[in-house]
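For reference, the structure discussed in these notes is given below.
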Amino acid sequence: MLDFRDRFVVDDPNLLYLDGNSLGRMPKAAAERVRQVTEEQWGSRLVRGWGEGWLDLPRRVGDKIGQMIGAEPGEVLVADSTSVNLYKLFFAALSARPERRRIVTDAANFPSDQYLLQGLRLSFPDLEILRVGQETEVTSLEDLRAALEDSVALLTLSHVGFRTSQLFDIAAVTAMAHEVGAWVLWDLSHSAGILPVELGAANADLAVGCGYKYLNGGPGAPAYLYVRRDLQEQLVSPIWGWFGQHRPFDFALDYTPATGIDRFMAGTPPILSLAALEPGVDLILEAGIDAIRAKSVQITSRLIHLADRELAPFGFDVASPRDPGLRGGHVTLTHPAAWPITQALVKEANLIPDFRPPNGLRLGFSPLYNTLEEVDEAVRRIREVVKSRAHEKYPTHRASVT
Ligand SMILES: *Cc1c(COP(=O)(O)O)cnc(C)c1O
């Protein structure tokens, strides 16, 4: 059984950390890598570092992520945040297709993705946004199909839903959109690094994803974007920074986009954060995505089995798909008292889950460091909290952000 737990910093072995899909644990190699880059490169090589590997990092780490998501070298770039990359690609797609003025997404998509679409109206006042399905439910393919027609420039979805854990079939949905001439932008934030993603085989158009969840890149790690090779020269980033210029160090006054994926860079890349991200990506490549997915399916299947047996009698429901082929790496349970229960778990049971309004207790397992025994122990602790009514002394409404 896949076990990379000792490659991560685990200072409290009793802590059940079930939030690796929000912030992955820290790889031991990341600390060593950051020490090396600060002391040996920044400290000693100073500005010479740019010519000694720093400039290549966004592409080099991008190509490694590319191996994980079925992309060719030169199709993935590490840059900016997921939100900024979404903006760049949404804008570029709309600009390239002026005859189409509609974007389709689903209500289950991540809030930042929704807000960025709404903000595009500042630049494209006639943009129509069609939102399919319900926030807390799986989205039906039939509803998506019904929303697709000739005016749709882009369909954008999370490959795995952050709340429900619904897993879309990239190839089938992409083919469905291509039938009406729409492009598809996949947000891989909850799928890359935990399950196989085959962008190339699906002929996917565009994608983005996050560096700090299953890739274990650290808080605020840089994100990545994917643009299929044959689309790269048709698309122009809306942020005309000098790093996306074709010869930034000529310092010319007028902008010409770089050829290839580099045109989606904006400014100077964050070298320390890029360096911290690479060891997490390397760990996933070393473990192999098929082995990671196999263990992930075992974990989530066992969790659902135990939740039905041990937690349902205490008012819990399973809100994620029961078919593992339709489910990502996390499982959301619902309970009317999910928020007080979350507080009791963190404060009294040494278990860190996620609360997702209105009533979701989200349990994210990262197969690199979470174990099957932790599934049993998590269910035991959750049951104990509810059975002993330990949660009843906690507030039922949230005062501030957590
Ligand atoms: C985590 C996540 C993001 C995060 O975006 P940031 O710009 O990194 O804050 C975006 N989309 C999805 C689907 C996510 O899960």
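The values are calculated or read from the model by the stated rules, or taken from the named source; none is laboratory data. Only a predicted model underlies this, so the values are computations on that prediction, with no experimental measurement involved. Positions of Cβ are generated from backbone atoms using ideal geometry, with glycine treated the same way; all protein chains shown enter the neighbour counts.
Observations, loosely collected:
- Where a residue in the stretch 198-211 is under 9 Å from L185 (Cβ atoms) and modelled with pLDDT of 95 or more and its partner, wherever it lies, is within 16 Å of the ligand (Cβ to nearest atom) and small (G, A, S), with Cβ under 7 Å and at least six apart: V208/A223
- Scanning the stretch 353-360 for any residue that is in contact with an Asp or Glu (Cβ under 7 Å, 6 or more places away or on another chain) and not in a strand (DSSP E or B) turns up at least one such residue.
- Selection count where residues are out of contact with any helix residue (DSSP H, G or I) (no Cβ under 6 Å at 6 or more places or on another chain) and part of a loop (DSSP other than H, G, I, E, B), scope the stretch 88-132: 12
- Note on the stretch 275-329: residues that are over 17 Å from the mean Cα position of the chain (by Cα), of a type in the set (S, T, Y) and either under 26 Å from G66 (Cβ atoms) or part of a helix (DSSP H, G or I) (or both) total 2.
- A Cβ distance below 8 Å, combined with a sequence gap of six or more or placement on separate chains, defines the contacts here; from the stretch 212-228, residues that are within 13 Å of L188 (Cβ to Cβ) reach residues that are acidic (D, E) and more than 12 Å from the ligand (Cβ to nearest atom) in the pairs Y226/E75.
- Residue within the stretch 262-274 that is buried (at least 18 other Cβ atoms within 10 Å of the Cβ), more than 24 Å from the chain's Cα centre (by Cα) and over 18 Å from Y226 (Cβ atoms) present: no
- Filtering the stretch 1-43 to residues that are more than 20 Å from the chain's Cα centre (by Cα), crowded, with 16+ Cβ neighbours inside 10 Å and small (G, A, S) leaves only A29.
- For Q118: the one exception among (1) of a type outside the set (A, V, I, L, M, F, W, C); (2) within 16 Å of the ligand (Cβ to nearest atom); (3) over 27 Å from G24 (Cβ atoms); (4) in contact with a Lys or Arg (Cβ under 9 Å, 6 or more places away or on another chain): (4)
- Residue list for the stretch 136-162, filter: modelled with pLDDT of 95 or more, out of contact with any Gly (no Cβ under 6 Å at 6 or more places or on another chain) and within 16 Å of the ligand (Cβ to nearest atom): V138, L154, L155, T156, L157, S158, H159, G161, F162
- Top-ranked residue in the stretch 187-214 [being buried (at least 24 other Cβ atoms within 10 Å of the Cβ) and polar (S, T, N, Q); ranked as farthest from the ligand (Cβ to nearest atom)]: S191
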